[in-house]
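One structure is given here, and the rest of the page talks about it.
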Amino acid sequence: MVVMEYELNLSTTEFLYFLDCPQKFRLYRILNPLPYKSNFMNSSRSVISYKMRGYKSKKDKGIKYHHFFETFHKKYSRIITNTTPPEEIQEDNVKLLYWVIQQEKYYEKKEDYYWYPFEREVRLMTEKQRGKIDCIELCEDKNGLRVIDYKSTPELNDHLTLLFYASLLNDYRLENTDEGKFDCEVLEVGCYYYEMGVKKIYNLTEVDRLAFERILKNTQEKISNNEFFLNKSSCWNCNVKTICKIEIGRN
Ligand code: SF4
């Protein structure tokens, strides 16, 4: 496999796949070619399109909740101080937990613009990375941004994923200064675990930032050198197992 310079651009999935098993990354990339920047940044998928592409019901549920979080502030800003949430929220525990956490945030914030997300479901592509950030908030009392990822429950790579998004947003800002879309850099990152109603926020430290840059650079160097070894300890959980078996058989 000849890897061109532009093909070193990584999505979050590709990055984590490579760390898990380089061969898995390689097969995934063959099946999902690198998109053009304009196509990637302007594409959006509806719930129905995910259904048509055969996504499992758990994923389907996650997409519906992402849509709920995306539209929440616009839909409920006028009634967020009500003591009783609307019926459609009371009927669903995930929505109810989100209502509670947003109501608390509403009462704690100093200005309304700290309650509203700065950006939602934003797709960014830089020279080295690409990805969709679920939510970008303004950090109160700091001149900075906070990247939020919505997840159902905690997973092993959550912190690494957040560092990936922080790097993506900070690089996008530096590569597109003429756009003026993001005035300040990422100072905080966090996950909102929607099945638990828990939000975990971390300061983005310089140590974290440099450590991530090193991991990303090493990964891209290995891809460039065609270092696609097989990590068999990850086979039990691999979604390209069948293709891998055919490939190994052929070689
Ligand atoms: S089946 Fe195993 S070796 Fe093959 S790509 Fe998947 S994780 Fe890697």
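The values are calculated or read from the model by the stated rules, or taken from the named source; none is laboratory data. Everything numeric in this text was worked out from a predicted model, so none of it was measured. Please note: Cβ atoms are built from the backbone with ideal geometry, for glycine as well, and neighbour counts cover all protein chains shown. Note: accessible area is taken over every heavy atom of the protein model, side chains too, but ligands, DNA and RNA are not part of it. Shrake-Rupley method; radii C 1.70, N 1.55, O 1.52, S 1.80 Å.
Note on surface exposure: D112, D158 rank D112, D158 by accessible area, highest first, 1.4 Å probe.
Modelled label positions at L174 and N93, each set 7 Å beyond Cα in the direction of Cβ, lie 4.4 nm from each other. Loop-located GluC sites (Glu not before Pro) in the range 81-127 (DSSP state other than H, G, I, E, B) with a sparse environment of at most 13 neighbouring Cβ atoms within 10 Å: E91, E111, E127. Remark: the chain carries 58 Å² of accessible area per residue (probe radius 1.4 Å; ligands, DNA and RNA excluded). With a 1.4 Å probe rolled over the protein heavy atoms of all chains, the accessible area of H73, H67, H159 falls in the order H67, H159, H73, largest first.
Amide H contacts for L10 (H built 1.01 Å from N in the peptide plane; partners 5 or more residues away or on another chain; cut-off under 5 Å): Q129, R130. Tell me whether the range 79-121 comes out rounded, prolate or oblate; compute the Cα gyration tensor, take square roots of the eigenvalues as a ≥ b ≥ c, and use a/c under 1.5 as the rounded threshold. It is oblate, given that a/c is not under 1.5 and a/b is not larger than b/c.
When the chain is described by a simple charge dipole with +1 on each Lys and Arg Cβ and -1 on each Asp and Glu Cβ, the residue from F68, A166, N176 located farthest towards its positive end is F68. Applying 1/(1 + (r/R0)^6) with R0 = 41 Å to the Cβ-Cβ distance of Y6 and W236 gives a FRET efficiency near 0.75.
When S38, S167 are compared by accessible surface with a 1.4 Å probe, the order from highest to lowest is S38, S167.
Given R0 = 30 Å, the distance between the Cβ atoms of K109 and K181 translates into a calculated FRET efficiency of 0.85. Heavy-atom accessible surface of I80, to the nearest 10 Å², is about 0 Å², with a 1.4 Å probe and all protein chains retained. Which percent, to the nearest 5, of DSSP beta bridges fully inside the range 111-251 are antiparallel? Around 70 percent of the beta bridges assigned by DSSP in the range 111-251 are antiparallel ones. The simple Förster model, with R0 at 25 Å and r as the Cβ-Cβ distance, assigns V198 and K61 a FRET efficiency of 0.85. Loop-located GluC sites (Glu not before Pro) in the range 204-251 (DSSP state not H, G, I, E or B) with no more than 13 neighbouring Cβ atoms inside 10 Å: E227. Only protein heavy atoms count here; under a 1.4 Å probe, C184 has an accessible surface of about 20 Å².
Between the helical axis of 158-175 and the longest alpha-carbon principal axis of the chain there is an angle of about 90 degrees.
In sequence order, the range 11-26 has phi-based couplings of 8, 4, 4, 4, 4, 5, 4, 4, 5, 6, 7, x, 5, 5, 4, 4 Hz under the Karplus curve 6.51 cos²θ - 1.76 cosθ + 1.60, θ = phi - 60°, and Gly or Pro positions carry x.
By accessible area, using a 1.4 Å probe on protein heavy atoms only, the chain has 50% of its surface on carbon and sulfur.
For the chain, a simple Cβ point-charge model (Lys and Arg +1, Asp and Glu -1, everything else neutral) yields a dipole of about 1200 debye relative to the Cα centre. Rounded if a/c is under 1.5, else prolate if a/b beats b/c, else oblate: with a ≥ b ≥ c from the C-alpha gyration tensor eigenvalues square-rooted, which is the chain? Prolate shape, in that a/c is at least 1.5 and a/b is the bigger ratio. Here the relative contact order of the range 100-207, from alpha carbon pairs under 8 Å that lie six or more residues apart, stands at 23 percent. Within the chain, which is the longest segment containing none of the chymotrypsin sites (Phe, Trp or Tyr not before Pro) that sit in a DSSP loop and have at most 13 other Cβ atoms within 10 Å? The reported range is 37-228. Of all stretches in the chain that contain no trypsin sites (Lys or Arg not before Pro) in a DSSP loop with at most 15 other Cβ atoms within 10 Å, the longest one is 182-251. Taking 20 Å as the straight-line reach from the Cα of K200, the lysines in range (excluding those fewer than 8 positions away in the same chain) are K95, K105, K109, K132, K142, K151. Label-to-label distance for D141 and R214 is 3.3 nm, based on points extended 7 Å past Cα in the beta-carbon direction. How would the range 196-245 be classified by its alpha-carbon gyration tensor: rounded, prolate or oblate, with rounded meaning a/c under 1.5 and the a/b versus b/c comparison settling the rest? Because a/c hits 1.5 or more and a/b fails to exceed b/c, the range 196-245 counts as oblate.
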